[in-house]
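Enquirer: The structure that follows is given in the form of structure tokens.
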Amino acid sequence: MNIRRSKLFLFPIGLLLLASATGCSTHSKPQISRVAESLLESEAEQMLWEKSEREQRTLESNGLVYADPQFEGYLNQVVARLMPETVPANLVIRVKVIKSPYLNAFAYPNGMIYIHSGLLARMDSEAQLAAVLAHEMAHCIQRHALRAFRKYRNQPAYLIAVQQTLLKTKGLQKLAHAMGVTGAMAAISGYTRELEAEADRIGFEWVLRAGYNPKAALSLFDQMLSDLAADGLEEPFFFGSHPRIRQRAENLQNLPEPAMIDTLASNNDRQAFLAKLDQLLIDNARLDIRLGRFQVARTSVEKFLSIKPDDTRAYFLLGEIHRQRGQRSDVQTAIGYYSRAIRLDPSFAAPHKAIGLIHYKKGQHDLAKKFFESCLQLSPDSPDKAYIKGYLKQCTISEES
């Protein structure tokens, strides 16, 4: 049995054990008092917390968490601003970022919230961030995982199918192996429709009290739906599903209109927020490019350029988007962006190699040779050194024949 199959095998076994641990205890005492029932719920909740901590250790040991202490600190400052006065003493809300371009945010019952870099890259304001975080905080504080567990504990086949969907999705195999039952329930299935609506209502109140516009998330959801439609995407996570995003938007639309709150963030607020995202926008754009999600990658790069208009890496990535997309008009556009990157930083080797590849593909081996040689001169210890030398050899053979 290979590693992948063995992990899939362990997933249903763990789920069934979790279900039976609570199910058997409940059925063993059909006539139980409210106190006893409360105790059983506490035992089930403790089990969910322990399972959550094991899953989180797996997630974080697999290099899936985005390492940026300063940005992580900013996220937790927003959480502190949103925090209600009454919170269970043993519940500490924390936020970390997962390196994934897919749209998602989910909370474990023990207070750990994970938000994907892809969802952050879609945001334009701190108010949008606050609306998403408040919703996830509500799941933790209202103990939704325990309440939803009663629904899913007898549906192991459903959750197994959910994980298999992740395994089949490009770029998600590593996360699928790391994410167990509790994470899958929160990140993919979501909680019941009633609990999701409750989290929106409670989160709305916290966002409003903190001074944000709680309906700012509506513009975020509209943009997400537009992106998914433009690229023909349907993602496996809760925030990547057209019906579920629409449901979240409807939940917010049906809540009372906040008084004395600006409905639109100022451009200064937007720029300040994007400055906080900074490097994440570039890093997430690279992830989108690897998945062939060129339009959303371009949007992230353009956001980055709005705060750092002369960044050579950003223009290189715009060149990569057009070169790899490969449409008829893309070649000259890509060369234009690469050339701008070179003008901004003549010592940057990567665009030289990229232009060389374009000329090589067009059969212009004399031009390709010039750019490949420039690349090696600028970066003699490049990891691609042997690869580039191979192209140079072919260019030389072409010139001699």
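The values are calculated or read from the model by the stated rules, or taken from the named source; none is laboratory data. Keep in mind that what you see is a predicted model, and the values were worked out from it rather than measured. All Cβ positions, even for glycine, are placed from backbone atoms using ideal geometry, and neighbour counts span all protein chains on display.
Enquirer: State the number of residues belonging to the range 102-157 that are part of a helix (DSSP H, G or I) and either at pLDDT 85 or above or touching a helix residue (DSSP H, G or I) at 6+ places or on another chain (Cβ under 7 Å) (or both). First the steps, then the outcome.
Expert: First, pick out the residues of the range 102-157 that are part of a helix (DSSP H, G or I): 117-122, 126-141, 144-152, 156-157.
Now drop any that are not either at pLDDT 85 or above or touching a helix residue (DSSP H, G or I) at 6+ places or on another chain (Cβ under 7 Å) (or both), which leaves 117-122, 126-141, 144-149, 152, 156.
Of the residues in the range 102-157, 30 are part of a helix (DSSP H, G or I) and either at pLDDT 85 or above or touching a helix residue (DSSP H, G or I) at 6+ places or on another chain (Cβ under 7 Å) (or both).
Enquirer: Here are Lys385, Lys362: which of them is free of Cβ contacts under 8 Å to residues at least 12 places away in the same chain, basic (Lys, Arg) and exposed (fewer than 15 other Cβ atoms within 10 Å of the Cβ)?
Expert: Values: Lys362 fails: free of Cβ contacts under 8 Å to residues at least 12 places away in the same chain.
Going through Lys385, Lys362 in turn, the sole match is Lys385.
Enquirer: Related question: Among the residues of the range 84-101, write down those that are part of a loop (DSSP other than H, G, I, E, B), in contact with a His (Cβ under 9 Å, 6 or more places away or on another chain) and not hydroxyl-bearing (Ser, Thr, Tyr). Walk me through how you get there before you give the answer.
Expert: Of the residues in the range 84-101, the ones part of a loop (DSSP other than H, G, I, E, B) are 84-93, 99-101.
Next, only the ones that are in contact with a His (Cβ under 9 Å, 6 or more places away or on another chain) stay: 99-101.
Passing the criteria: Lys99, Pro101.
Enquirer: Among (1) surrounded by fewer than 19 Cβ atoms within 10 Å (Cβ to Cβ); (2) at negative phi; (3) not charged (D, E, K, R), where does Gly292 come up short?
Expert: Looking at each condition in turn, Gly292 falls short on (2).
Enquirer: Kindly indicate whether Arg81 is over 19 Å from the mean Cα position of the chain (by Cα), under 19 Å from Pro214 (Cβ atoms) and either in a helix (DSSP H, G or I) or among the aromatic types (Phe, Trp, Tyr) (or both).
Expert: Numbers: over 19 Å from the mean Cα position of the chain (by Cα): yes; under 19 Å from Pro214 (Cβ atoms): yes; either in a helix (DSSP H, G or I) or among the aromatic types (Phe, Trp, Tyr) (or both): yes.
In short, yes.
Enquirer: Checking the structure you have, find out if any residue of the range 58-69 is outside any loop (DSSP other than H, G, I, E, B), touching a helix residue (DSSP H, G or I) at 6+ places or on another chain (Cβ under 8 Å), buried (at least 20 other Cβ atoms within 10 Å of the Cβ) and touching a residue at least 40 places away in the same chain (Cβ under 8 Å).
Expert: Going residue by residue through the range 58-69, those that are outside any loop (DSSP other than H, G, I, E, B) are 58-61, 65, 69.
If we keep only those that are touching a helix residue (DSSP H, G or I) at 6+ places or on another chain (Cβ under 8 Å) too, we end up with 58-59, 65.
Add one more test, that the residue is buried (at least 20 other Cβ atoms within 10 Å of the Cβ), and what stays is 59.
Now drop any that are not touching a residue at least 40 places away in the same chain (Cβ under 8 Å), which leaves 59.
Among the residues of the range 58-69, at least one is outside any loop (DSSP other than H, G, I, E, B), touching a helix residue (DSSP H, G or I) at 6+ places or on another chain (Cβ under 8 Å), buried (at least 20 other Cβ atoms within 10 Å of the Cβ) and touching a residue at least 40 places away in the same chain (Cβ under 8 Å), which makes the answer yes.
Enquirer: Please count how many residues of the range 249-280 are of a type in the set (Asp, Glu) and either surrounded by 18 or more Cβ atoms within 10 Å (Cβ to Cβ) or modelled with pLDDT of 80 or more (or both).
Expert: Going residue by residue through the range 249-280, those that are of a type in the set (Asp, Glu) are 250, 257, 262, 269, 278.
Keeping just the survivors that are either surrounded by 18 or more Cβ atoms within 10 Å (Cβ to Cβ) or modelled with pLDDT of 80 or more (or both) gives 250, 269, 278.
Total meeting the criteria: 3.
Enquirer: If you scan the range 304-357, which residues turn out to be closer than 21 Å to Leu378 by Cα, of a type outside the set (Phe, Trp, Tyr) and in contact with a Ser or Thr (Cβ under 7 Å, 6 or more places away or on another chain)?
Expert: Those that are closer than 21 Å to Leu378 by Cα, of a type outside the set (Phe, Trp, Tyr) and in contact with a Ser or Thr (Cβ under 7 Å, 6 or more places away or on another chain): Ala341, Leu344, Asp345, Ala349, His352.
Enquirer: Related question: Mind listing whichever residues of the range 83-114 are within 23 Å of Gln70 (Cβ to Cβ) and in contact with a Lys or Arg (Cβ under 8 Å, 6 or more places away or on another chain)?
Expert: Listed by number, the residues that qualify are Pro101, Gly111, Met112, Ile113, Tyr114.
Enquirer: Check whether at least one residue in the range 236-246 is modelled with pLDDT under 75, assigned to a helix (DSSP H, G or I) and of a type in the set (Phe, Trp, Tyr), and report yes or no.
Expert: yes
Enquirer: Kindly list, by first and then second residue, each pair from a residue in the range 329-350 that is over 19 Å from Phe372 (Cβ atoms) to a residue that is at pLDDT 95 or above and surrounded by fewer than 17 Cβ atoms within 10 Å (Cβ to Cβ), limited to pairs with Cβ atoms under 8 Å and residues at least 6 apart or on different chains.
Expert: Leu344/Asp310
Enquirer: Cβ-Cβ distance below 9 Å, separation of 6 or more or different chains: which pairs start in the range 77-94 with a residue that is within 17 Å of Pro109 (Cβ to Cβ) and end on one that is exposed (fewer than 12 other Cβ atoms within 10 Å of the Cβ) and among the aliphatic types (A, V, I, L, M)?
Expert: Correct list of pairs: Ile93/Ala80.
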